[in-house]
1. Being open to solvent by 100 Å² or more (accessible area, probe 1.4 Å), part of a loop (DSSP other than H, G, I, E, B) and out of contact with any Asp or Glu (no Cβ under 9 Å at 6 or more places or on another chain) narrows it down to one residue among E28, E3, E18; which is it?
2. Is there any pair with a first residue in region 61-79 that is closer than 26 Å to A16 by Cα and a second that is of a type in the set (F, W, Y) whose Cβ atoms are under 6 Å apart and which are 6 or more apart or on different chains, and what are they?
3. Scan region 59-72 and give yes if some residue there is touching an Asp or Glu at 6+ places or on another chain (Cβ under 9 Å) and within 22 Å of E3 (Cα to Cα), otherwise no.
4. Can you name the number of the only condition in (1) over 24 Å from E3 (Cα atoms); (2) touching a Ser or Thr at 6+ places or on another chain (Cβ under 7 Å) that D38 fails?
Amino acid sequence: MAEKNISEQKLDRTEAAERLRAIADDLESDEEFHIDIDNKTITLHPRDSVGFELGVRERSSILRGSRESVTIKMDWRAK
């Protein structure tokens, strides 16, 4: 069974950095870590080695203006 949970929010830069730091600290600290998605807390069990993907996209449009995005993806086999 596959379940996908996505949370989209508008944060200021400081809030976004704090959220990333909290996730990084949890990932590093224990055998399991928790991610809050909306009103749900998901417990994850990463292995010592994780796949890590970083993507950057730059788009320019005359009508919509320029837009930039960063995508971070991590994955691992569940313990």
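The values are calculated or read from the model by the stated rules, or taken from the named source; none is laboratory data. Since the model is a prediction, treat every value here as computed from it, not as a measurement. Because the Cβ atoms are built from the backbone with ideal geometry, glycine has one as well, and the counts that use them run over all protein chains shown. Note: areas computed on protein heavy atoms with side chains; ligands, DNA, RNA excluded. Shrake-Rupley method; radii C 1.70, N 1.55, O 1.52, S 1.80 Å.
1. The conditions single out E3.
2. Final answer for the pair search is M74/F52.
3. Checking region 59-72: at least one residue is touching an Asp or Glu at 6+ places or on another chain (Cβ under 9 Å) and within 22 Å of E3 (Cα to Cα).
4. If we test D38 against (1) over 24 Å from E3 (Cα atoms); (2) touching a Ser or Thr at 6+ places or on another chain (Cβ under 7 Å), just (1) comes out false.
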